[in-house]
Amino acid sequence: MPGAAITDDLELLNAGGGPPADRGGAGGGDWRREPGAFGRERRMYLTGVSVALAAILMFFMALASSYIVRKGTGSDWQPIEMPRILWLNTAVLVASSITVEVARRKLAQAGVTEFRNWWAITTALGMLFLGGQIVAWRVLADQGLFLATNPSSSFFYLLTASHGAHLLIGLFALLYVTIRTGQSAWRRRAIAAEGVAIYWHFLDGLWVFLLLLLNIGR
């Protein structure tokens with residue numbers, strides 16, 4: 001988890017000047033203004049992110065437990081073949097986790113133009129992942145496998161759709177950070193970028209876990 005590195009970078013930001021104009025910034029700004037308030041705001045923001053992630057983790061652990069228990073009971077469980085595009089989707093999501101970290105580090109170094117570019121790539125990869133998930137669902141539908149076909153297909157749709165819904169929230173968060181271009185928003189933008197990056201990394205790891213569960217546990 002990139003928390004320690006993020007803390008160091010943000011402290012470096014707080015000690016230096018604002019984003020320089022020649023690198024795509026808003027023409028300066030005082031990152032040293034109200035450092036105490038900056039730290040408190042950051043702690044509050046990250047505490048909220050941590051609480052949200054804990055709740056999401058408990059939700060998916062409950063689903064995973066139900067999946068395992070249901071598979072072991074009854075005789076109506078019919079394993080389904082995982083669409084191959086899921087592996088491509090996984091590669092796309094892992095790549096987006098890398099690009100969001102690069103973007104976050106660029107912002108911490110006041111490289112605003114670079115940050116925007118890498119952040120936009122992350123957003124595009126997130127959209128591509130969701131598009132790939134829709135393709136996977138259509139592949140199953142073409143095979144006659146729907147939500148109510150059997151317990152195995154039901155859990156596949158439930159787990160992947162639940163993850164997709166949380167990733168969609170992450171996409172909105174990425175866009176939220178992107179539009180915070182006002183001079184007064186730069187400090188909060190750094191905090192928000194850190195929180196969104198942590199959330200995105202979490203969804204990446206969660207998807208890898210779900211994919212293994214669906215493949216090994218089927």
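Per q in 0.13, 0.18, 0.23 1/Å, what log10 I(q)/I(0) does a Debye calculation on the alpha-carbon atoms of the stretch 103-218 return?
For the stretch 103-218 at q = 0.13, 0.18, 0.23 Å⁻¹, log10 I(q)/I(0) is -0.59, -0.90, -1.26.
After finding the eigenvalues of the alpha carbon gyration tensor for the stretch 141-200, what semi-axes result from the square roots of 5 times each, listed largest first in whole Å?
Working: eigenvalues 291, 21, 6 Å².
So the three semi-axes of the stretch 141-200 are 38, 10, 6 Å.
Of 101, 114, 81, which has the most accessible area with a 1.4 Å probe, and how do the rest follow in descending order?
Solvent-accessible surface, decreasing: 81, 114, 101.
Under the Karplus relation 6.51 cos²θ - 1.76 cosθ + 1.60, θ = phi - 60°, what is the ordered set of whole-Hz ³J(HN,Hα) values for the stretch 42-47, x standing for Gly and Pro?
Once θ is set to phi - 60°, the couplings for the stretch 42-47 become 5, 4, 5, 5, 6, 5 Hz.
So what's the gap between the Cα centers of the stretch 96-131 and the stretch 50-76, to the nearest angstrom?
The stretch 96-131 and the stretch 50-76 have Cα centres spaced 31 Å from each other.
Between residue 44 and residue 75, take the C-beta separation as r, use R0 = 45 Å, and let me know the FRET efficiency to the nearest 0.05.
It comes out at approximately 0.30.
Label the stretch 35-128 by shape, choosing from rounded, prolate and oblate, from the square roots a ≥ b ≥ c of the eigenvalues of the Cα gyration tensor; if a/c is under 1.5 it is rounded, and otherwise prolate applies when a/b is larger than b/c, oblate when it is not.
Numbers: a/c = 5.63, a/b = 1.63, b/c = 3.45.
Oblate, because a/c is 1.5 or more while a/b does not exceed b/c.
Tabulate in residue order the Karplus-calculated ³J(HN,Hα) for the stretch 128-135, using 6.51 cos²θ - 1.76 cosθ + 1.60 with θ = phi - 60°, rounded to whole Hz; enter x for Gly and Pro.
In residue order, the calculated couplings are 5, 4, 4, x, x, 5, 4, 4 Hz.
Convert each backbone phi in the stretch 50-65 into a coupling constant with the Karplus relation 6.51 cos²θ - 1.76 cosθ + 1.60 (shift: θ = phi - 60°), then list the ³J(HN,Hα) values in order as whole Hz, x for Gly and Pro.
Here the 3J(HN,Hα) series is 5, 5, 5, 5, 4, 5, 5, 4, 5, 4, 6, 5, 5, 5, 5, 5 Hz.
The values are calculated or read from the model by the stated rules, or taken from the named source; none is laboratory data. Computed from a prediction, not measured in an experiment: that's the story for all the values here. Heads up, the Cβs are rebuilt from the backbone with ideal geometry, glycines too, and the neighbour counts pull from every protein chain shown. For accessibility, only protein heavy atoms count, side chains too; no ligands or nucleic acids. Shrake-Rupley method; radii C 1.70, N 1.55, O 1.52, S 1.80 Å.
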